[in-house]
Every structure is written in structure tokens, then in C-alpha cells.
Amino acid sequence: MSPTDASAHAVSTPMTGVGTGICSDTSEDGVARGVGRVTDSEDTLDLRLPQELLALLDARGADAGRGGERRAQECRGDGTVLPASRTSTGNDLLDGVGGWGPIPTPAGVFQLVPVRVERDLPLVCRWMNDPAVTEFWELAGPQNVTAAHLRSQLSGDGRSVPCLGVLEGTPMSYWEIYRADLDPLAHHYPIRPHDTGIHLLIGAVTNRGRGLGSTLLRAVADLVLDQRAACTRIVAEPDLRNISSVTAFLRAGFRFSAEVDLPAKRAALVIRDRSLRDLL
């Protein structure tokens, strides 16, 4: 989706259902073509269901047995009602994205601010209707289309958090930080527990093509690694056709791992490893 470095597109487009808590079509054999070309032997670990996912499935089964009780919800001080984004063990699935705070970057002070639909919907909807963004996000249309996409995450179990990227006090990008190991994407590559995914689009045309995509991707990937001690890898799956997006990730210290066939696209699986953080 963005740019860098190379265009007006958005850096890391989501596949249908990825990062939203909505299950995508899993009729494929579960391992995407191209994974055999993974360049890091550690990427070929056996697929295992993380304990947190098993706990979530157990919890859902218990809810069904009680007649589908509504999930508990919590209110912030400003009155916004948010879903309880916790597993049965009481752990925040993404370690409190909203509290990660501002960080310095070469482009200025940057912060991820969780989306509030009533405040942010018009802005995000306008970005989604930009033709350069629509080509890859496929969320063009009236506000109810964007609202449904946002609410599917906000009303979920906390495995995906939609955020505005605020640079020097100005909202200029849209992000989704999500648990890749608990996401439909996990059907398509050898996961590790706590793998964390990133989707990004750069909003204003004036912010594209200036290298902001790679600058912010590197900063946010570092932020995730700093804030999520259990996470050893950041992953993303930009559309292979989106050359500017793939380029932005590679310039941000991600390495190309494989080509994967997802329900809505053929993607480049790119990974930023904690162990290689200071080398790439």
C-alpha cells in the first residue's frame, strides 16, 4: 500500500477476512503453493495451533453451550464501547496497541491510535475510495461498507486492531495490527505463536512516493517487537502486483519468504525477524 516507494498504492493489502476475525474460504489444502521456496529454514516449522487459539475455541464452545451469551464488553472513559479483547487466560491478544504511545521516526513523531468509528469513519472511507487504494483493498463504496469492515474487527475478540497512523499530530494512514497466528492467514504459511501481521495504506496522495511507507513500516515493526516480547516475527502479505508495496516492505527490513495463494490474491509473504532486526 503505499508507496515508497514507488507509487500511490497502499502498503500491504488484506486478503478477505484476514485481520478482521471473519473466516475466509479455507477449502484450499491449507498450505499455499510457493511455501516450498521459503529461504529461511526456520520458516518450515510444522503447523501447530497456538494454545491461545485452542483457548479461544474452547471459550466459543462454552458460549454456544450457554445459548450464545454475548461477549463481555468494556467502556473507555470517553464512553466508547469496546469488545473485551482478552483470552480465557486474561491476556490482551495484542498487548494494548492503544497504549503503545508515540515514537520518533525520521519523518517525525508517529503514533498508532485505535479507530473510533463515530470519529474516523468519514476519513477512512474517503481513503478507501481512492482508486489507487481500491485496486488492492477492494473496500470502495458508501460509508456502511467501510463501517462494516471496521466493526468486524472492533466487535471481535481483539485479534485485530484497526488504527489511524498519526504523524506530527495529523492522521495520514490506516493500519491493521493483527495476530497472524490466530488469523485465516495461518492456514497458508507455517506459523509461529504470536506472529503479528501488518496492513497499511497511506491516505493523502501528497504523502505517497516520498519513502514514508518504508519509514513507517520499519518504525511500526520495531514498535511491535518492543511492545510484544512474545512476538519473534512481523509478517505481511502484500499483493504481488503491488510492486510499490512489496518494495516498501523490503526497504523496511522485511525479507521475502514465499509466494502464497490466498483466497483473494497471490501474495508475497514478507517477514521481519527479531533476530535479524539490527541487520536488515
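The values are calculated or read from the model by the stated rules, or taken from the named source; none is laboratory data. Quick caveat: nothing in here was measured; it's all calculated off a predicted structure. Counting neighbours? That spans all protein chains shown, and the Cβs are built from the backbone with ideal geometry, glycine included.
Structure values in brief
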| read-out | value |
| --- | --- |
| Residue among Phe256, Phe249 that alone is assigned to a strand (DSSP E or B) and either surrounded by fewer than 24 Cβ atoms within 10 Å (Cβ to Cβ) or not basic (Lys, Arg) (or both) | Phe256 |
| Subset tally (residues that are among the aliphatic types (A, V, I, L, M) and crowded, with 21+ Cβ neighbours inside 10 Å) for the stretch 155-166 | 2 |
| Condition met for Arg126 (more than 25 Å from Leu262 (Cα to Cα) and either at pLDDT below 95 or crowded, with 22+ Cβ neighbours inside 10 Å (or both)) | no |
| Positions within the stretch 104-128 being touching a residue at least 24 places away in the same chain (Cβ under 8 Å) and not in a helix (DSSP H, G or I), in sequence order | Thr105, Pro106, Ala107, Gly108, Val109, Phe110, Gln111, Leu112, Val113, Pro114, Val115, Arg116 |
| Test: residue in the stretch 79-92 that is part of a loop (DSSP other than H, G, I, E, B) and modelled with pLDDT of 95 or more | no |
| Scan of the stretch 145-167 for residues that are among the aliphatic types (A, V, I, L, M) and assigned to a helix (DSSP H, G or I), ordered by number | Val145, Ala147, Ala148, Leu150, Leu154 |
| Val115, sole failed condition from (1) buried (at least 18 other Cβ atoms within 10 Å of the Cβ); (2) out of contact with any helix residue (DSSP H, G or I) (no Cβ under 8 Å at 6 or more places or on another chain); (3) under 19 Å from Gly203 (Cα atoms) | (2) |
| One residue from Arg266, Arg210, Arg228 being of a type in the set (D, E, K, R), closer than 19 Å to Glu135 by Cα and out of contact with any helix residue (DSSP H, G or I) (no Cβ under 8 Å at 6 or more places or on another chain) | Arg266 |
| Cβ pairs under 7 Å, 6+ apart, first in the stretch 252-263 and touching a residue at least 60 places away in the same chain (Cβ under 8 Å), second acidic (Asp, Glu) and surrounded by 23 or more Cβ atoms within 10 Å (Cβ to Cβ) | Val260/Glu237; Leu262/Glu237 |
| Subset tally (residues that are farther than 21 Å from Ser160 by Cα and not in a helix (DSSP H, G or I)) for the stretch 202-246 | 8 |
| In the stretch 270-280, residue farthest from Trp137 (Cα to Cα) [restricted to those that are touching a residue at least 40 places away in the same chain (Cβ under 8 Å) and in a strand (DSSP E or B)] | Asp273 |
| Qualifying positions in the stretch 219-272 - polar (S, T, N, Q), farther than 30 Å from Gly99 by Cα and in contact with a strand residue (DSSP E or B) (Cβ under 8 Å, 6 or more places away or on another chain) | Ser257 |
| Criterion violated by His199 - all others in (1) part of a helix (DSSP H, G or I); (2) within 24 Å of Arg126 (Cα to Cα); (3) out of contact with any His (no Cβ under 8 Å at 6 or more places or on another chain) satisfied | (1) |
| Single unsatisfied condition, Gly156 versus (1) modelled with pLDDT under 95; (2) under 15 Å from the mean Cα position of the chain (by Cα); (3) within 20 Å of Arg251 (Cα to Cα) | (3) |
| When residues of the stretch 129-144 are limited to those that are surrounded by 15 or more Cβ atoms within 10 Å (Cβ to Cβ) and in a helix (DSSP H, G or I), the one modelled with the highest pLDDT | Gln143 |
| Ala267, sole failed condition from (1) touching a His at 6+ places or on another chain (Cβ under 7 Å); (2) small (Gly, Ala, Ser); (3) outside any loop (DSSP other than H, G, I, E, B) | (1) |
